[in-house]
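Every number in this text was worked out from the coordinates using simple rules, so none of it is lab data. What you see is a predicted model, and the numbers here were worked out from it, not measured in a lab. Please note: Cβ atoms are built from the backbone with ideal geometry, for glycine as well, and neighbour counts cover all protein chains shown.
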Amino acid sequence: MLNVGAASYSISAALFLLLTIISLFGWRQRSGGIILAITLGVTTLWSAAGAYQAAFAAISSVFPLLEIAKNVAWLTLFFWLVQLVRNSDERGKGFNLKLIVLALICGVCALALFFRYLYLAVVGAMPLSFMGGYSALFGHVILAVAGLVLVEQLARNIWADERWVYKFLCLGVGSMFVYDLFLYSEALLFGSINPDFWNARGVVSALAMPLIAISMQRNRNWAINEAVSHRVVFHTVSIISAGIYLLIMAVAGYYIQFFGGDWGGVIQVVFVMGALILLLVLMFSGQIRAYLKVYLAKNFFAYKYDYREQWITFIRALSMGGTDEQLRVRAIKAIADIVESSGGGLWLYSEHDKGYKPVSGWDMGLPEHAIEDRNSSLVMFMEKWQWVVNLNEYKIDTSLYRGLKLPAWLSELQDVWLIVPLMKKTEIFGFVVLAKSRGGDHFNWEDIDLLRIAGRELASYLALLEANQALLDARQFEAFNRLSAYVVHDLKNVVGQLSLVVENAKKFKNKPEFIDDALGTVNNSVGKMNRMLSQLKGESTFSSGKAVVRLGSLLKSAVENRSVTQPVPRVVGCDDEILILAEYDRMLSVIEHLVQNAQEATDENGSVEIRLASSNDWANITIEDSGSGMDEVFIRERLFRPFDTTKGNAGMGIGVYEAREFISGLGGTIAVDSQLQRGTRFFIKIPRYNEQTK
């Protein structure tokens, strides 16, 4: 059968032994550390002696002597701390008469108890649990009261900025003295010590150990030199907590069976299984794990983060391969994991949009039109101050952020918490918006510094990613230019052959042999040209200059040229009076290409419509189809990327890209609205031509 007293004191001995070993690493050349180490060591020996006495029901002559030594050690430590705190204050320097009197009383009382127990040990009349003599019990009461007085003196005299260091020490040691006062006072009242109270004393001391450990870690004179990994502490605490939880549940299950009657066994099994399932749920809960990490970091470490581990994890996340979209998502997750954020979005600068646009999200929906202008209040603030914007802090006191005005699109995002700037030298390369943390709002200077450094690293990483993509695009353009050179060379040959046929036709047009040769030459030229066209996919480059173009007539010509393919496109509401300044052939090619794409995405029973309207100084063209449509990721990541095509060898992937670049060169824009299986709409906006635009 389990010996409760032995288990109680054994737990205390194990915990204080661990704390003693830790303290031995911290006391070297540090004031007060040796006193603490000795005190913890004596407490460990006292707990071990108590466990031995309870386990074997033996009369121990060592235990009562260690009881006195333990109390004297703790009293000495607190005498030293109180005097140290008083000496730090100019008004409290020197020795206090009350403390001197208290020290004398404690010394006399401790010596009297020591010689009493020493005498009883020598004559062989040592009681089992101090059950002999009211004078001994009264002496222990005096020592407990003296300990509480010293705890109160320390708590009252420490400065407010040091209270967080010593408060847990006062609570832990104070709880031990309070329990001693209760134990011995109850014994004086009833003439003997209650065995249950005596057995529980070890557990009470064990409960004080974590509080003492927290103060040790917070005190720079006691903190250990050896670094303990955050991960090791986290997993150790998790395992210990799970073990304690299962032990409590097992004891509860035992009593349920004992008092449950006929249903006791069934209820016990159901209870234990339910407790086990609850433990598994809690262990795999990201929010619970986040709260535990935050608690351990705040209370058991001088610094909140294990920077080596954080940086290794961060760099590992960025260095993994994948598509550009996967890399951006991992970049968001890497910076979000630092503060246990539950989601985030990435905004990067777009030269085409002249602002910062959302390019990727992780567990966060991105607003469709959340483009932040280069000169907006948010961008200018982050570029000037390089601050991480805490939106919770902003809501409480906007004056802290020096006139910052947040963009309206932030209100469309749920649970937004932080905005982290991605600085590239002194410029904003982009920013990351993070959702609230699973571990609660625990933001301080350490989080700010780490996020700022991570933001700079992330900006360099994303800039390198974009530079690599630009290099790949440049190489593709180089290959395209080489292909164009070959095409030009072949065209020159074809033109030369056809020119020769034309020249000779004047002389030999009546000879059948010449006609046969001419037809062969033309047939060969047609074959070459068809091969070139199959390579160029119908795209061509025009060099004519800009001219005034009647946009309505141009759209009708484009529709007429594409009417040989189903579904036949049609123009709706076309105004011939709308004029633009553009290269006619290139503008016609752009419209035809977009109409061709719409036809290819739509079945023969669908529809392709072109609309033309004007508003103020703009001409607005809408090309709408009822085809298969595109998803948001494809539009954002692939639609306007050169050499990216879904047609395989049937396309080169530069048509839509060239269309956007051409329209942008006219001072206009192209926007896309599309849904899968519901069709697509291209919105083209071009400045209208008038006399003032000449």
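Observations on the model:
- Region 307-464: projected area of the alpha-carbon convex hull, averaged over directions, in nm²: 9.0 nm²
- Interchain or long-range residues, amide H under 5 Å from residue 618's placed H: 688
- For residue 583, the residues whose modelled amide H falls within less than 5 Å of its own, excluding neighbours fewer than 5 places apart on the same chain, are 547.
- Residue by residue, region 416-427 carries 3J(HN,Hα) couplings of 6, 10, 10, 10, 9, x, 9, 8, 10, 6, 10, 10 Hz when phi is fed to the Karplus relation 6.51 cos²θ - 1.76 cosθ + 1.60 (θ = phi - 60°); x denotes Gly or Pro.
- Rounded FRET efficiency, nearest 0.05, which uses the C-beta distance separating residue 566 from residue 614 and R0 of 30 Å: 0.45
- Extension gain, residue 76 back to residue 14 (0.36 nm per residue minus Cα-Cα distance, nm): 20.0 nm
- ³J(HN,Hα) computed for each position of region 603-617 - Karplus, 6.51 cos²θ - 1.76 cosθ + 1.60, integer Hz, glycine/proline x: 6, 5, 8, x, 9, 10, 10, 10, 10, 10, 8, 9, 8, 6, 9
- Amide H within-cut-off set for residue 404, under 5 Å, with H built and near neighbours excluded: none
- Size of region 366-421 as Cα extents on the principal axes (Å, biggest first): 30, 24, 16
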